Amino acid sequence: MTYEEKYNELVELSHSENSEIKEKADAWLIGIGLQGAAELKVSAFLLDLAIRNVKGEITRDEVSQRLKEHYGNTEYVEPKSELDGGYEIIPPDSPRIKEIEEYNRKLRPALYAELDKKIKREELLSGKSSEKLIFVNIKNSYEAMQRNDRKHPLYRSSLYDCTRKYWPIKEENFDVATHILGCYKGKVIEVIYINNRYTEPSGEYAGRKVFEGVEQPDSPYMGMDLHEIFDTLANFRVKYWNI
């Protein structure tokens, strides 16, 4: 098997439906990407070991042991061309850290998108986030939209409209919210960054709050399970976070 074929096998393993296999393969690919960013290349021998580790044939400790047996006690310095089993230690304040991250983001965009979401959610839960969120339950209007039930009193023509209209929002929260998030069956399916807001002046929804803004389909909040941040969703219509 050629070097390229071995690498492709590792990439295929990173798409496995088995979460443990996928996680291990992703970890190896990120490590290999770090070397690539430094214009270095891991050995075919290490690739073999990585694949066997991902498949559960050998442990990480056994990988380390076999590397020592294969390379002996050779001490490596930073090479000018290919890496054949050695490592480079980069100081945490080195500007190369950012270069390596940018390289890896291009190499594994989906993985980093998930990591960004995780970090953003952790910030939200820890109280470090400056974003102030309104969660709204759009079940009735969303289902009417899906059925194209235009006679339904809560019918809205788009997911955007399902989320932004017409809500009984507390005045003090209405003024400071940064995002409004449309939720269906306990998960966020629409995120709007608010850049305008007003109170409906007349008609059936007089006094209700309406928002306008930019849809953010790539928001880290997309897909968030509300059970992660709220103890209960009983009688959920509107909920607030960090407000």
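Before moving on, here are some points about what is shown:
- Filter pass, K55 being of a type outside the set (S, T, Y), in contact with a Ser or Thr (Cβ under 8 Å, 6 or more places away or on another chain), at pLDDT 85 or above and surrounded by fewer than 17 Cβ atoms within 10 Å (Cβ to Cβ): no
- Positions within the stretch 12-21 being open to solvent by 40 Å² or more (accessible area, probe 1.4 Å) and either among the β-branched types (V, I, T) or closer than 18 Å to I58 by Cβ (or both), in sequence order: N18, E20, I21
- Members of the stretch 110-132 found to be open to solvent by 80 Å² or more (accessible area, probe 1.4 Å) and assigned to a helix (DSSP H, G or I), listed by number: E114, K118, I119, E122, L125
- Residue in the stretch 161-168 that is under 20 Å from the mean Cα position of the chain (by Cα) and exposed (fewer than 14 other Cβ atoms within 10 Å of the Cβ) present: no
- Criterion violated by I180 - all others in (1) open to solvent by 20 Å² or more (accessible area, probe 1.4 Å); (2) within 29 Å of the chain's Cα centre (by Cα) satisfied: (1)
- Failed item in (1) modelled with pLDDT of 95 or more; (2) within 25 Å of the chain's Cα centre (by Cα); (3) not charged (D, E, K, R), with T199 passing the rest: (2)
The values are calculated or read from the model by the stated rules, or taken from the named source; none is laboratory data. A quick note: this is a predicted structure, and the numbers were derived from the prediction, not measured. Here the Cβ is made from the backbone with ideal geometry for all residues, glycine too, and neighbour counts use every protein chain on show. Just the protein is used for accessible areas: all its heavy atoms, side chains included, with ligands, DNA and RNA removed. Shrake-Rupley method; radii C 1.70, N 1.55, O 1.52, S 1.80 Å.
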